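Structure record follows, encoded as structure tokens.
The values are calculated or read from the model by the stated rules, or taken from the named source; none is laboratory data. Since the model is a prediction, treat every value here as computed from it, not as a measurement. Quick reminder, even Gly has a Cβ in these numbers, built from the backbone with ideal geometry, and neighbours come from all protein chains shown.
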Amino acid sequence: MAEGWEKVHSILSWKEPKLSGLVFGCLNLVFYLIVFGDCSLIEILSYICLSNLVVVFIYQTINPSTFPDDEYEFVSREVLEDLIAFGNDLFHKTFGKIYSLKSTENVIQVLLALFIATFVSGLFSTAGFLWLATILAFVVPIAYSSQKEQVDSQIQFVKGNWDGVKNQVKAMIPKARSCQRD
């Protein structure tokens, strides 16, 4: 499982510039086709699979000895089990924290995150938001590595201010009183 994430990290941090540029360009092409080309994501994926199938068929017809036999696994069972376990753990950690309304702090954080999400969704379309997230995924690691000290000092400043604001908000929330019967 870690090998796949290391590969994703190396692509996003531009350790392999040719592969990173190829992935970045392909993602931008997909977003361009979705937004301006009036293509759906399913249509784009089917064209990619169809093109891949045609190329593999032609290559296998020309050079049949380079392909493995029918029992070849493209993805091993262990990788699939690790991926399913990771997704399951992530789901339970995320939604378990969100929907366990035991802490006032968690409730406020969820409400704030939902408010920010609705505000951002009013500014961008879904495709625009996904495109911006893709651009940021490729740009932020490089910017962070070149300006690490300044970014870390600003993050510490924001964390300090966030703790102060969080404590002020918690102080303004009335505490629940226990009900006593006479």
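Here are a few things to note about the model shown:
- F115 within 30 Å of K15 (Cβ to Cβ) and under 23 Å from the mean Cα position of the chain (by Cα): no
- Looking across region 137-148, the residues that are in a helix (DSSP H, G or I) and over 12 Å from L27 (Cβ atoms) come down to V139, V140, P141, I142, A143, Y144, S145, S146, K148.
- Across region 1-57, the number of residues qualifying as in contact with a helix residue (DSSP H, G or I) (Cβ under 6 Å, 6 or more places away or on another chain) and touching a residue at least 40 places away in the same chain (Cβ under 8 Å) comes to 10.
- Some residue of region 121-132 being in a helix (DSSP H, G or I), touching a helix residue (DSSP H, G or I) at 6+ places or on another chain (Cβ under 6 Å) and at pLDDT 80 or above: yes
- Any chance K7 is of a type in the set (K, R), farther than 17 Å from W131 by Cβ and either more than 21 Å from the chain's Cα centre (by Cα) or surrounded by 14 or more Cβ atoms within 10 Å (Cβ to Cβ) (or both): no
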